[in-house]
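Structure, as structure tokens:
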């Protein structure tokens, strides 16, 4: 394993754990830790962005260019993840199984559409 991949693995894991813990702290009312949860979540997001910058620098890659395709990819990813999450909420929290499964499947299809969007079809 290359050093850059190992560092990205460690930093990515730490940032993911901080983000997940922060979201649990913020979204579980039993914990009474909304503000610290937001702080932990933000630190996790910032560390994740720093991880991407460090990994790209160690791999001698150019910085990510903000163009139309990049912005569209991010928007499609966000919409797909939100649709999948809303479908899960419909199913598990609100007890509406059929509509939840349909919305979740739409989210999965949107997320799968990222593959040809990013890699292209050959």
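The values are calculated or read from the model by the stated rules, or taken from the named source; none is laboratory data. The model shown is predicted, which means the values in this text are computed figures rather than measured ones. Here Cβ is always computed from backbone atoms with ideal geometry, including for glycine, and neighbour counts include all displayed protein chains.
Key figures for this structure:
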item: Top-ranked residue of segment 26-36 - restricted to ones that are part of a helix (DSSP H, G or I) and modelled with pLDDT under 90, ranked as nearest to residue 85 (Cα to Cα); result: 27
item: Among the candidates 77, 87, residue that is within 30 Å of residue 2 (Cα to Cα), free of Cβ contacts under 8 Å to residues at least 60 places away in the same chain and either touching a strand residue (DSSP E or B) at 6+ places or on another chain (Cβ under 7 Å) or crowded, with 16+ Cβ neighbours inside 10 Å (or both); result: 77
item: Matching option when the condition is surrounded by 15 or more Cβ atoms within 10 Å (Cβ to Cβ), in contact (Cβ under 8 Å) with a residue 40 or more places away in the chain and in contact with a helix residue (DSSP H, G or I) (Cβ under 6 Å, 6 or more places away or on another chain), among 26, 8, 33; result: 8
item: Boolean, residue 39 is part of a helix (DSSP H, G or I) and touching a helix residue (DSSP H, G or I) at 6+ places or on another chain (Cβ under 8 Å); result: yes
item: Any hit, segment 90-104, residues being on the phi > 0 side of the Ramachandran plot and not assigned by TED's automatic domain parsing to the domain that holds residue 4; result: yes
